[in-house]
Each structure stands twice: as structure tokens, then as C-alpha cells.
Amino acid sequence: MRYLIRRVLNAMLLLAAISAFSFALLQWAPGDFFDAMRLNPRVSSQTVEGLRSKYGMNQTLPVRYGHWAFSVLKGDMGFSFSYNSPVGPLLWARARNTLLLTSIATLLAWLLAIPLGIWSAANKGRWGDRACGFSTSALLTIPDLLVFLVLLLLAVRTGWFPTGGMISTGFDNFTFWSKCKDVAVHFALPAVGLTVVTLPVLVRHIRSAMVEALESPFIRAARGHGIPRTRLLFRYALPAASNPLISLLGFSVATMLSASVIVEVIMSWPGLGPLMVQAILSRDVYVVVGVVMLSSVFLVAGNLLADVLLFVSDPRIRVE
Amino acid sequence: MKNRHKLWGALVLLAGLHGLVLFAGFFAPYGSAAQERELPFAPPTRIHFVDARGKFHVRPFVYGLKDDARIPGAFAADSTQVYPVHFFVQGSSYKIAGMFPSRLHFFGVSAPGRIFLLGSDGYGREQFTRFLYGGQISLAAGLIAAALSVLLGVIVGALAGFYGGWIDEVLMRGGELFLALPWLYLLFAVRAALPLHVAEWQVFLLLIAVIGLVGWARPARLIRGVVLSAKERNFVVAARAFGASDAYLLRRHVLPQTYGVILTQVALLVPQYVLAEVTLTFLGLGVGEPMPSWGSLLASLQQYYVLSSYWWMFLPAALLIPVFLAYYMAADALQERLKTVPL
Amino acid sequence: MSGLRKEPLVCIRGLSKQYVQRRPLTSAKFTIRAVENVELTIQRGGTLALVGESGAGKSTVVRCLSLIERPTAGEIWFDGVNVLKLRAKELLPLRRQIQIIFQDPTSALNPGMTAGEIIAEPLVIQGEGTKSERRHRALELMEQTGLPAKWESKLPLEFSGGQRQRLAIARALALEPKLLILDEALSSLDLANQEMILRMLAELQAMHSLTYVHVSHDLRMVSDLADEVAVMYEGRVVEQKRTAELFAHPEHPYTQDLLDAMPSLESICEERSA
């Protein structure tokens, strides 16, 4: 139990450090949102300066961080200049969409990767394993960008899938089931893309974890005792391999989040990715910090979840 | 034996690709800034060996372009205009290694014929030419950034592993911070911190610095592991007993153990970083026009009409595949070798 | 080889070494007392055997003696000098005089260096001689340890276990040490190799007036080659005597146990004392 508490404290400390780090990083950036305004000859520099001080942009860094931290606790998370609203509400809607997409893709990827990895490891060296290894290597060499662009092309050319967005027009009038179907048809291609992109690495890792478990002495002893293959695979080897696999879960969350940025922009899925790109282009500082923080929260939460699962499943950790 | 073939195959492929890109001026039929406003979105020129009358020619040739009667705005081949392909022709001038002027091109056709090997974009710029010149930017960005990341990783990892104690704690905690952010978000955040509108070369250098600085944590961790185990080896202890200084031990005994890991890391990071640069530029956050990064070549695909009508604009993305393949093959082969080297 | 009436080469008084470790994931610390209050004397030109079971602290003592580790308490007098009171700069010349050979010769040699480079390395570290002088010395040492000179550019993996140990010994002799410590150096070798190397060591001792410390748990081998034996048990030296006397009249109960554990030893001892 103390182990878990330590992990949670560690996570919170990490998040605080990240917030300070990203905040400082972005505040050091030369130029800010109001620079664009200054280019407009009809806006006087006094107005710009007035706006600056109104939003507290001319205060010192620690002061601004303090204000911002306070506003995080309130739920506002700073103020967005482009959208003229607190950042918090903006983020939640987008975050929900990103989470929806990445959770589905993660589920899909793992549902495919686990059987493939196990089967590949069980048939190590035979043609099935080699074919699997070959395909994963081949998939790895295809850049993410290409995959998503091809999927978009598919949507544009065939019209089977919508070419972007999350909902169709008239969404509000749909029945519940139609709404579900509508969203599903919209996230189909992005989810498939994300899955394709993250699948090879997962399969490889799962395979190697299973191979290591299968080649360990205690499994060989069990085999010598005549335990049938399937039971051996699932009741003996898989639990032994679960430790590295659960750690892999934490890692796959990171790659999934990163990849989701690209797919969201290309397929116009209204998640955190496009929000962030827009914010960078318009130097909407608090939005950028907010998105970075939120994505770290997801990552750290994912790793924490993995830690909890490890704690529950691996008795060695509980003993310490 | 098979591994040796893999390594050599990868190295040959890499040498070929990099050679093509390095001597872009020579291998490209046109200059880096050449535009043909008259011929936007022309399809790739087909190379023929057999002419309309069925006669085989040793020297390949291309047809001229005329407006396609069926599709307004598109181009079709005009078999009445025949332009043979010549090799080692004189064309637009360029500088080898930025210093030696030359006008020699590997292949080309005489005007007004055009050889659009990979088609042309909205400004009539030949895509193969742009691909080669773009490679100079994207590959260089990937290589330099990877070198930067690994260099930082070696310094941090060696210090942390060798000296241990609080140095180790602090450095590894710092690394944890960098690893706790999803990579692309961190990259974007750091990019956001930089000025948006700067001179071309500055953007390029800044981009490399950003990509390289963001990714030091993983190599650092790996190097630290190697250093930790290396410094306990008895030959290091023996050398210490002879009175060797820390610097000597690091230089002579510890760091040489890391060379394998360093090479493998570089081979794995380069494709990742090339993709990072391409992605950033694609989204408008990287180098700007008219620098022909591979990302800007693909940027026009964000428009639906380009995406669906002009399939050849995908080709630069497809050509990324051999680049990735070569680097991943090299990394795989290196990792195999590492396992067999007696430690 | 014994009976030199000079001062002992090494005097160890009250040597203690503790290791403090933290239990993983908690902040509790616990100390391991590896060595406690060790007293040891080593005579010039002689051979001392340090025996005891695994974990008795033998390796810790010699690691402190060879200046690889620093003890938590105690004094080490080498050739009249209080070693632990020296500053880093003064330690450097002292390091030449004490050398240690490890049990596993493979790990003690950098697999990427040639034999010649390995032997010459101490000279390089201490900044001695020109490149050709060092090479000359390396070849000389190879000859003394029974390695053919033409193997100079071979890598350690091309040598057998016994030859690698010879290589390690040649390297240790490069700086002309007074004291050579062999930490279970022969344990990993087969008997034939052990014999050869022991013979070579005896010759070298005569040639260079070396003093040896053998750490071992093989009493049979010890009875052959040592002038004095020091027995260690649970971090302390419980007995130090001349070999024959120790075998004939062991005082400490642990020594008795050790001797009892070697049934064939009695017959050997009886032969010797007869």
C-alpha cells in the first residue's frame, strides 16, 4: 500500500514540475498574442499595452505562474485570447474527444496485438511467426503521416466514410442509436489509422515478453510434467509475462497520445491536437500550456494505472 | 551470416539514398527553384522505349504535354512531340557542396520537352527535383538532431552512471520529466516557445535544436545502464588500482563499451526525427516555403482536391519508406551484433 | 624465503569496513559489518595465505589493502608509511607497489585491448617511458610469465584461462611492485594450470623479491606455498601463525573446523612434520 501512495505522490510531484517547466518555457517565448494586434495600424500601442496589463502579461514570471496555478485549481486554467474564454471549458470538450478516440484505438490495438503476439511467440521460428515478424517490420517502415493520408484518400474517393469531423449536421436531432452510429462512422478511420500505426511495436514487445516467459526454466519444467500446450500458454506463461506487458501499457499510452495529434489534424477530429496547433500559430499561450499539462496528466495517469495493475497482479511488488 | 548481409544491405541502401540527396544538383533534372507556372499538377512523365509505330529505341524518350481535351486543366501526353532522354546533360547551374559551380545533370530532355519524373505541383515544380533537395533538409535535420540527442544522452548518462549519488538522482529525475510528456506534445510545446517568423536558416537550426534537445532522455537512460555495468568490471577496477584518473577510465575503458548502443540509438532516432521534422513542417510549424522540406512537399495534400485528383503528390511520402527501411535494418543488424560481442 | 629479520612489510591494525545499504522502497538502512577490527602482519619476501569461508571478509581486507576501497576505521602501514593518512597525490606512487590479481582473469582484462597494450597499461597510466620503452618492457614481462612474445597483438579471447591469468600477472608486475595480492586467483583454473602458475610465481618471487598474499579457501594449496597463514572468520582474523604450526597446533575452534573439513590434510601434515 505504501508503494502505491509513493507512486501517487511521485506522479503529483512530476505533474507540478511539468507545469512549472512548460509554463516557464512558453513564457520565455519572444512575442505574444498581442503582437499580431500591434501590426494593425488602427490599434494604438496604448490599447495594446492596456490589454496586456489587463491580462497580466507584463507581470513577472513567478507571479504569473502563481495566478495560473490558482486558476487551475478553480478550473479555469488561464485565459484563451483567441476564444475569449477561460481555457478550462475549452479543454474539457476537446479532451473528451481525444480520449474517446485514443481509448478506442488503444483497445483495438491491444485486442489485436495480444493474440497476435501470443500466437507468434508460441509458433516461434515457424512460417506464421516469420510472416508476422515480416509484416510488423514492414508496417514499421511506413510513416504515420502516409497511413493517415491514405486513409483520408480512401474516405474522399469512396465516400464510405466521412472525410473529417466528429458529427454530421443535424446531429442534435438524431436518436440515441443514430448518434452512436454517427460518431462511430466518424471515428472509424482515425481509430483504424491509430491502430495500424501503434500495432507493430505492441506485437513485437508482446511477442518478446512471451518468448522470454516460454523459454524460462519453470515453463520447461511444467512442459516436462506434461501440461497441455494451451493451458501452459495461458495459465503459466501469460501471467509470467504480465509484468513487462503492463509496463508496456503505460508506454503505449504515450505513443498513442503523440500519434493522435497528427491524425486529429489530418482528419479534422475535434480533439486536443488541432486546438494545440491553432494555439501555437496564434501564440495563445495559456491554451498551449493547458494542452501540454492535460496530455501529461493522461500519460502520468496511464502509467499510474499500470503501476496499480502491476501492484495487484505481481506479488513480488507487494512483498517489498 | 544473415545478419552481416542485413547490415551491409542497409549500409548500401543508406549510402545510395544519401548519395542521391547529397548530389541533388547532379541527379535532379531541374534547379531547386525552377517553376513552370504553365504546367501545374502535371502527371509523372512516362518513359517510353517503344514508339507509336512499335519501334524499339535503346535511348528512352518522353512525349510532350498538351492540354487534355476530356478533363479541363489536366494534361495528357502528346505523341507527336518526341523528346529523347539524354544523360550527362548541361542544365541549370548549381553548386556542388555549395562551392563548386557546375551545370552537369545526370539526365534531362531538351526544351521545350519536360521530364517530370514524379509529376509537378501547383506551381509546376518538378517533384523529383524537390524531393532530392528536400531530402537535404529533412535528412540533415534528422541526422543532426539525432546526433545532438545522442550526444546529450551520452554526456548525461555517463555522468549519472559513473558518479552516481545525487548527480544520478537529479539527472534521472530530469529525464523522467522529459519522458513523462508525450513526445510530440513536448516537441510542439518547445516549438511554440520559439518565434514563429524568423529567417529560413534560423528556423532550420532552431528546429533541429528543438527536436534534438527534446529526445535526450531515452538514450541517456540506456547509456547510463551500460556505464553502470562497465564501471564495475574488474578491468576498470584494476586500472583504478594502477592510479588511473576518472577521465582516463571513462575515455579508455567505459565509453568504448557504449559505442554499440550509441550507433543503434542513432540508427533508431534518425527516422523518428526525420518524421518529426516532416510532421512539423507539414502542419506549418517547421521550415517555411520555399524551403523544399519533405513536409512542405506533402503539405498540399491537406487540400481535398489535391488529395483525390493528383495521386503523384503522395509519392514523396511513399519514398520515405525506403529511408525508414534502411535505417531500421541497420538498427536491427547493429542490435544483433551487440548481442554477440563478448562483453 | 622466511626468516628475514627486517620489519614486516605490511601492518594492519584495527581495520574495519562497514557497508550501509538501504532497503529498496523504504528509508530504512541496515549496516553490514564486512570486516571488524582486523589485525594482520605480512613479512617481507614471504607468502601469507588468508583463508576462511565465503563472506568471512577476506576480499574486503585485500581490497582495502590494495587501495581499491577505503576502510571505515583502522590503520594500514605499508613499508613504514601510514597509507590511509596520505593525500591523493602521494598515493599515486604508492599504488605502484601494491598490485592485485583477481579471481576471474577474463573480467580483469579489457576484451578490446591487445595483450601488449594490457601489460603496458600501468606504465601508460603512470606516465612512464616512451612508447618503445613500454613495448620493450611488456615483451620482457611476457617472457617472464611464460607467454610467447609473438602473442603481443592477440586479444584476450584468444588466450586460455591459465594464459589470461599469466597476462594479468604480467600486467601487475609492470610497475615493479613489492606486494602482490592474489584474490582467489587460482580458483578458476584446473589443477594442471594451478601447478604451472604456482611454480612461475615462486620463480618470480625469487627473481624480484616479491611478497605475496594469497586469498584462498583451498587449504591444501595453502599448505604448499604459504609461510604464514591467517584465518578469518566472520570479519575477524582469528589466528595467524606459521603454516606448519597452524596445521599441527590450531588454537581457534574455527581453525580446527577448517582443518577437520579436509580429511586428506592430516596425512599430508603428518608427512611434512615427519
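Using just the C-alpha positions of the stretch C:30-84 as equal point scatterers, what log10 of I(q)/I(0) does the Debye formula give at each q in 0.23 1/Å?
-1.08
Going 7 Å from the Cα of B:Y123 in the Cα-to-Cβ direction, what parts of the stretch B:62-93 have a backbone nitrogen less than 19 Å from that spot?
Only B:92-93 fall inside the zone, counting backbone N under 19 Å.
Hey, got the dipole for the protein assembly as shown? About the Cα centre, +1 on K and R Cβ, -1 on D and E Cβ, debye to the nearest 20?
Here the protein assembly as shown has a charge dipole of around 1780 debye.
Amide H of B:F75: which non-local residues (sequence gap of 5 or more, or other chain) have their own amide H closer than 5 Å, using H built in the peptide plane?
Here B:D68 satisfy the definition.
Loop-only chymotrypsin sites (Phe, Trp or Tyr not before Pro) in the stretch B:255-343, please: DSSP not H, G, I, E or B, and at most 13 other Cβ atoms within 10 Å.
Here no loop site has a sparse enough neighbourhood.
Hey, what D do you get for the protein assembly as shown in µm²/s if you plug the Kirkwood alpha-carbon radius into Stokes-Einstein at 25 °C and 0.890 mPa s?
In µm²/s, the coefficient is 73.
For the stretch B:246-343, what relative contact order do you get, as a whole percent, if you take Cα pairs closer than 8 Å and at least 6 residues apart?
Value for the stretch B:246-343: 33 percent.
Spelling out what I want: for every residue of the stretch A:205-214, take phi, set θ = phi - 60°, compute 6.51 cos²θ - 1.76 cosθ + 1.60 (Karplus), and round to whole Hz; glycine and proline get x.
5, 4, 4, 5, 5, 5, 4, 4, 5, 5
Around B:I96, which amide H atoms from residues at least 5 apart in sequence, or from another chain, sit under 5 Å from its own amide H, with H modelled in the peptide plane?
Those lying under 5 Å, H to H, from B:I96 are B:S102.
What order do you get for C:C64, A:C180 when you list them from fewest to most C-beta neighbours inside 10 Å?
Fewest to most other Cβ atoms nearby, the residues stand as A:C180, C:C64.
Helix A:144-158: angle to the longest alpha-carbon principal axis of chain A, degrees 0 to 90, nearest 10?
Its long axis makes an angle of about 80 degrees.
Apply the Karplus curve 6.51 cos²θ - 1.76 cosθ + 1.60, θ = phi - 60°, to the phi angles in the stretch A:12-20 and return the couplings in whole Hz, x for Gly and Pro.
5, 4, 4, 5, 4, 4, 4, 4, 5
Can you tell me what percent of all Cα-Cα pairs in chain B are more than 34 Å apart?
Beyond 34 Å sits 40 percent of the P(r) for chain B.
Taking every pair of Cα atoms in chain C, average 1/r, invert it to obtain the Kirkwood radius, and report Rg/Rh to two decimals.
Dividing the radius of gyration by the Kirkwood radius yields 0.98.
Determine the relative contact order of chain B: mean sequence separation of Cα pairs under 8 Å and six or more apart, normalised by residue count, in whole percent.
On the way: 517 pairs, mean separation 70.6, N = 343.
Rounded, it is 21 percent for chain B.
Can you sort B:H5, C:H136 from fewest to most other Cβ atoms within 10 Å of each residue's own Cβ?
Neighbour counts put them in this order, fewest first: B:H5, C:H136.
If you average over every viewing direction, what projected area does the convex hull of the Cα atoms of the stretch A:256-320 give, in nm²?
Averaged projected area of the stretch A:256-320's Cα convex hull equals 5.7 nm².
Under the classification rounded if a/c is under 1.5, otherwise prolate if a/b is larger than b/c and oblate if not, where does the stretch C:133-238 fall, given a ≥ b ≥ c as square roots of the Cα gyration tensor eigenvalues?
Prolate shape, in that a/c is at least 1.5 and a/b is the bigger ratio.
Between the DSSP loop rule and a limit of at most 16 other Cβ atoms within 10 Å, which trypsin sites (Lys or Arg not before Pro) in the stretch A:116-147 are left?
Of the trypsin sites (Lys or Arg not before Pro), the ones in loops of the stretch A:116-147 whose Cβ has at most 16 other Cβ atoms within 10 Å are A:K124, A:R126.
Give me the distance between the Cα centres of the stretch B:312-330 and the stretch A:103-177, rounded to whole Å.
Centre-to-centre distance over Cα atoms comes out at 20 Å.
Each label point is 7 Å from the Cα along the Cα-to-Cβ direction; what then is the distance between the points at A:A16 and A:S178, in nm?
5.1
Given B:K6/B:K339; B:K231/C:K58; B:K6/C:K154; C:K131/C:K154; A:K124/B:K2; B:K231/C:K85, which pairs have Cα atoms separated by over 20 Å?
Over 20 Å Cα-Cα: B:K231/C:K58; B:K6/C:K154; B:K231/C:K85.
With a cap of 15 neighbouring Cβ atoms within 10 Å, and only residues DSSP puts in a loop, list the trypsin sites (Lys or Arg not before Pro) found in the stretch B:1-105.
Of the trypsin sites (Lys or Arg not before Pro), the ones in loops of the stretch B:1-105 whose Cβ has at most 15 other Cβ atoms within 10 Å are B:R37, B:R46, B:R53, B:K55, B:R70.
Under a crude label model (7 Å from the Cα following the beta-carbon direction), how far is B:W311 from A:V312 in nanometres?
Inter-label distance under the simple model: 5.0 nm.
Kirkwood Rh over alpha-carbon pairs of the stretch B:56-107, then Stokes-Einstein at 25 °C and 0.890 mPa s: what D in µm² s⁻¹, rounded to an integer?
D = 180 µm²/s.
Sequence-distant or interchain residues sharing an amide H contact under 5 Å with C:I100, placed H: which?
For C:I100, the qualifying residues are C:I181.
Given a Förster radius of 30 Å and the C-beta distance between B:H5 and C:W151 as r, what FRET efficiency does 1/(1 + (r/R0)^6) yield to the nearest 0.05?
Using R0 = 30 Å, I get an efficiency of 0.35.
Using only helices, what value at 222 nm comes out for the protein assembly as shown when you add -39,500 (n - 2.57) per DSSP H run of length 4 or more and divide by the total residues, to the nearest 500 deg cm²/dmol?
So the calculated ellipticity at 222 nm is -19000 deg cm²/dmol.
Put one equal scatterer on each alpha carbon of chain A, apply the Debye formula with no solvent term, and list log10 I(q)/I(0) at q = 0.11, 0.14 1/Å to two decimals.
-0.87, -1.18
Helix B:127-163 versus the longest principal axis of chain B: what is the Cα-based angle in degrees, 0 to 90, to the nearest 10?
Approximately 0 degrees, to the nearest ten.
Bear in mind that the values in this text are calculations on the coordinates, not laboratory data. Just so it is clear, the structure is predicted and the values come from calculations on it, not from any experiment. Cβ coordinates were reconstructed from backbone atoms using ideal geometry, including for glycine residues, and neighbour counts include every protein chain displayed.
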